[in-house]
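Read through the structure below, which is laid out as structure tokens, and then see the notes.
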Amino acid sequence: MIGRESDVREIAATLAGGSSVVLAGPRRTGKTSVCDAVLGRLGRRGFYTAAVDLFRIATAPELAEALVAGTIANRSALRRVMHQTRRAGRFVADALQTSAVVRSKTQLGEELEIAFRPGLAARDPDGYLDYALALPARIAAADGKEMVVFFDEFQEIASPQQPYGDADRLTKRMRAIFQRSGAVSYLFAGSLEHLMRDLFTPAHRALHQFGGFHDLRPIERDAWERGLAERFAADDCSIETGALSRIVDYGELHPRTTMLIAQKSHLTTIELGSTLVDLGVVEQGLLAALAVDRAVHEQTVERIRRLHKLGLVVAERLARGEPVYTRLPRGGVRRALEALRDAAIIESRARADWRFSNPLLRRYLATMGPFDL
Ligand SMILES: Nc1ncnc2c1ncn2[C@@H]1O[C@H](COP(=O)(O)OP(=O)(O)O)[C@@H](O)[C@H]1O
Ligand SMILES: [Mg+2]
């Protein structure tokens with residue numbers, strides 16, 4: 001990773017000190033990468049760690065299974081049995097009889113079987129989920145360890161589809177259980193900032209002030225230039241100064257965009273049989289990056305259309321740097337901006353300073369339109 005040392009260090013220190021941390025910000029700005037690095041760092045210091053990504057988990061029983069599996073994987077014997085079970089599929093009964101599993105079940109509860117028996121958790125989702133949420137503290141106590149549990153895309157808890165049941169009820173159970181989990185701290189990341197703030201900020205919410213918000217620092221220009229130059233050098237390429245600063249311009253300091261353009265520029269250079277990244281190559285790299293995302297951008301345009309009737313015209317004006325209110329009803333424009341913000345398409349840096357969360361989407365809207373005909 002480029003330019004995230006202090007974020008990783010600070011978050012790890014807070015968690016190691018026993019406090020929980022919330023990381024909220026737009027997609028693809030590096031939250032998951034930072035959290036993974038934090039867990040890696042703490043893991044090397046002897047902490048137990050577990051991570052669940054709610055984007056990949058559709059129901060409460062699955063959440064219970066994933067959490068139990070991630071938690072018990074900290075015991076290497078259990079991790080091995082889980083790998084074998086997954087590969088063999090049907091030898092579940094054998095797995096349950098291995099001495100490691102039998103011993104762990106005595107210590108940590110029969111319920112840990114759900115990690116080996118897909119479908120079992122569905123018989124009592126509430127019961128197993130309570131068990132799963134409490135398990136990190138149990139294993140930490142049994143093994144004399146400290147532990148960090150990472151929930152990625154945590155705002156899914158509060159999504160309108162209620163994948164894990166009623167959000168208020170679930171967060172109350174979480175708070176009650178987490179509060180008792182002395183040796184465990186929690187890391188929550190989420191890409192819908194307003195939902196994350198709403199889960200952790202208002203006084204009436206169960207997770208009110210449960211974790212402190214950490215804002216990732218912007219990665220500055222010179223950190224990008226240094227980091228990218230090192231990457232190119234590691235790949236036996238050199239890059240012209242102008243080309244380097246052009247990549248950073250096009251990336252608009254957005255991690256995933258900057259890296260994507262750099263990767264595509266690198267690839268183009270190799271394909272040309274060259275080892276020098278120049279301005280021409282960077283132009284190709286930008287086009288290749290736009291091409292990668294084109295289908296997604298087309299879908300986003302459709303989504304913007306459905307968000308608000310002024311959504312697309314407002315988005316296009318923002319993308320082109322034009323004043324948004326001109327000859328449009330103020331209230332409507334304001335609601336369109338809010339809808340775009342709530343969909344995490346734009347974010348506000350300061351009053352009336354709206355930025356696109358994805359610079360490539362901005363470029364797509366600015367150059368491919370007008371869509372609002
Ligand atoms: N600091 C960084 N340096 C290099 N690449 C990064 C950095 N931060 C993010 N990336 C890359 O950007 C992409 C998106 O990062 P990710 O951590 O998944 O973001 P998020 O979790 O916020 O959606 C990944 O491909 C990741 O490797
Ligand atoms: Mg992520």
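The values are calculated or read from the model by the stated rules, or taken from the named source; none is laboratory data. Computed from a predicted model, the values in this text were never measured in an experiment. A quick note on method: Cβ atoms are made from the backbone with ideal geometry, for glycine too, and the neighbour counts reach across all protein chains shown. When the accessible area is computed, the model is the full protein with side chains, heavy atoms only, and any ligands, DNA or RNA have been set aside. Shrake-Rupley method; radii C 1.70, N 1.55, O 1.52, S 1.80 Å.
Could you sort 268-275, 255-262 so that the peptide with the highest average Cβ count within 10 Å comes first and the rest follow in order?
255-262, 268-275
When the helix-only estimate is applied to the chain (DSSP H runs of n ≥ 4, each -39,500 (n - 2.57), divided by the residue count), what is the mean residue ellipticity at 222 nm, nearest 500 deg cm²/dmol?
-18000 deg cm²/dmol
Cα axis of helix 221-234 to longest principal axis of the chain: angle in degrees, 0 to 90, nearest 10?
Orientation of helix 221-234: about 80 degrees from the principal axis.
List the trypsin sites (Lys or Arg not before Pro) within the range 325-373 that fall in a DSSP loop (any state other than H, G, I, E or B) and whose Cβ has at most 15 other Cβ atoms within 10 Å.
Sparse-neighbourhood loop trypsin sites (Lys or Arg not before Pro): Arg327, Arg351.
Once the piece of chain linking Arg27 and Val92 is laid out straight, how much longer is it, given 0.36 nm per residue of separation minus the C-alpha distance between them?
Taking Arg27 through Val92 to full extension adds about 19.6 nm, to one decimal.
For the range 125-232, what is the charge dipole size about the Cα centre, in debye to the nearest 20, if Lys and Arg each add +1 at the Cβ and Asp and Glu each add -1 at the Cβ?
360 debye
Determine the relative contact order of the range 5-213: mean sequence separation of Cα pairs under 8 Å and six or more apart, normalised by residue count, in whole percent.
Relative contact order, the range 5-213: 32 percent.
Provide the gained length on full extension for the span Gln107 to Ala234, in nm with one decimal, where the gain is 0.36 nm per separating residue minus the Cα-Cα distance.
Roughly 40.9 nm would be gained on extension.
Would you mind getting the accessible area per residue of the range 5-213, heavy atoms of the protein chains only, 1.4 Å probe, in Å²?
45 Å²
Could you give the dipole magnitude of the range 5-213 about its Cα centre, charging the beta-carbon of Lys and Arg +1 and that of Asp and Glu -1, in debye to the nearest 20?
560 debye
Can you list the lysines whose alpha carbon is less than 26 Å from that of Lys264, not counting same-chain residues fewer than 8 positions off?
Lys31
Pop out the ³J(HN,Hα) list for the range 290-298 in order, Karplus 6.51 cos²θ - 1.76 cosθ + 1.60 with θ = phi - 60°, rounded to Hz; leave Gly and Pro as x.
For the range 290-298, the Karplus-derived couplings read 4, 5, 4, 9, 4, 4, 5, 5, 4 Hz, x marking Gly and Pro.
Using only Cα atoms, tell me the angle between helix 76-88 and the longest principal axis of the chain; keep it within 0 to 90° and round to the nearest 10.
70 degrees
With unit charges on the beta carbon (Lys/Arg positive, Asp/Glu negative), name the residue among Ile270, Ala51, Leu361 whose Cα is farthest towards the positive pole of the charge dipole of the chain.
So the residue we want is Ala51.
In whole angstrom, how far apart do the alpha carbon centroids of the range 325-373 and the range 54-105 sit?
Each part's Cα centre sits 45 Å from the other's.
If contacts are Cα pairs under 8 angstrom and at least 6 residues apart, what is the relative contact order of the chain in percent?
18 percent
Helix 241-251 against the longest principal axis of the chain: what's the angle in degrees, Cα atoms only, rounded to the nearest 10?
The angle comes out near 70 degrees.
For the chain, with all protein chains present and a 1.4 Å probe, just round the carbon and sulfur fraction of the accessible area to a whole percent.
50 percent
Roughly how many Å² of Ile139 are accessible to a 1.4 Å probe, to the nearest 10?
Here the residue's solvent-accessible area equals roughly 0 Å².
On the principal axes of its Cα set, how long, how wide and how thick is the chain? Give whole Å, largest value first.
Here the Cα extents, ordered largest to smallest, are 66, 54, 41 Å.
Using only alpha carbon pairs under 8 Å that are at least six residues apart, calculate the relative contact order of the range 221-368 and give it in whole percent.
19 percent
What's the Cα-based Rg to Rh of the range 1-121, Rh via Kirkwood?
When Rh is taken as the Kirkwood radius, the ratio is 1.03.
Using the Kirkwood radius over Cα pairs, work out the Stokes-Einstein diffusion coefficient for the range 290-373 at 10 °C and 1.306 mPa s, in µm²/s as a whole number.
After rounding, the answer is 126 µm²/s.
Whole angstrom only: what separates the Cα centroid of the range 223-264 from the Cα centroid of the range 5-19?
The range 223-264 and the range 5-19 have Cα centres separated by 28 Å.
Using the crude model of +1 on Lys and Arg Cβ and -1 on Asp and Glu Cβ, and no other charge, please compute the dipole size for the chain relative to its Cα centre, in debye to 20.
With only Lys, Arg, Asp and Glu charged at Cβ, the dipole is about 720 debye.
Want the number for Ala16 to Ala288: 0.36 nm per residue separation, take away the alpha-carbon distance, what's left?
Gain on stretching Ala16 to Ala288: 93.7 nm.
What number do you get for the range 221-368 when its Cα radius of gyration is normalised by 2.2 N^0.38 Å, N = residues?
So the Cα radius of gyration is 1.19 times the expected 2.2 N^0.38 Å.
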